[in-house]
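Have a look at the structure below before the remarks.
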Amino acid sequence: FVELEEGVDGLVHISDLSWTKKIKHPSEFTSIGAELEIVVLELDTENRRLSLGHKQVEDNPWDTYETIFAEGSQHEGEVIHVHDKGATVLFKAEGIEGFVPGRHSEKEDGSKLTKGETVQFRVIEFNKGSRKIVLSHTILFKESLAAEKAAEKKSTAKGMKAVQSKVEKSTLGDIDALVELKDKLDKTE
């Protein structure tokens, strides 16, 4: 609760404290007696309530993140937590976190990402409304393996064409010669 002046106070909902930080309790963000810059979001005169917001004082950084973390873009981040369902990654320059599902946290050597590692990630989903960035590390090396296999397949196909072009092909004239040879063999038997 924030007191605007004596006898007039309102509520800053926990979700209206910060655009980027996930706050579980207001004491993680501020303390009793601290001054906050706030904006009046809603005035309910019938119930005598004020809804206030602190994050609305600043521009929504998710508007900027939307261009930086576009789907398909690649970024370097540090793994800060490893969970049963995946890992949380911090992008230090922007001060924002993303989530890597477990199936996307496999490294090229078959091991999983570990806390403290700094590696490359590809954005596979960006949702401004729910303030969520979903990432993949696995996709980076799987795509390069697929590209290598495709190049190898293309090279093999070219080699086969070269070999096939050197092989003599039967013609209708060859068939006539074979018919004559067969007739000669039949006569001799």
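The values are calculated or read from the model by the stated rules, or taken from the named source; none is laboratory data. These numbers were taken from a predicted model, which means no experiment stands behind them. Cβ atoms come from the backbone with ideal geometry, glycine included; neighbour counts cover every protein chain shown. We work out accessible area using only protein heavy atoms, side chains counted, and drop any ligands, DNA or RNA first. Shrake-Rupley method; radii C 1.70, N 1.55, O 1.52, S 1.80 Å.
Condition check: under 29 Å from D16 (Cα atoms) and buried (at least 16 other Cβ atoms within 10 Å of the Cβ). Does E106 satisfy that? Judged against the criteria, E106 is not a match.
I'm trying to understand the selection: among the residues of segment 89-103, which are under 18 Å from T138 (Cβ atoms) and either charged (D, E, K, R) or crowded, with 19+ Cβ neighbours inside 10 Å (or both)?
Initially, segment 89-103 is screened for residues under 18 Å from T138 (Cβ atoms), giving 89, 98-103.
Listed by number, the residues that qualify are V89, G98, V100, R103.
Among the conditions (1) at positive phi; (2) open to solvent by 30 Å² or more (accessible area, probe 1.4 Å), G86 misses just one, which is (2). Of all residues assigned to segment 122-138, at least one qualifies as being on the phi > 0 side of the Ramachandran plot and open to solvent by 70 Å² or more (accessible area, probe 1.4 Å).
Considering segment 20-53, and only residues there that are closer than 23 Å to I133 by Cβ and assigned to a loop (DSSP other than H, G, I, E, B), the residue that is least open to solvent (accessible area, probe 1.4 Å) turns out to be I23.
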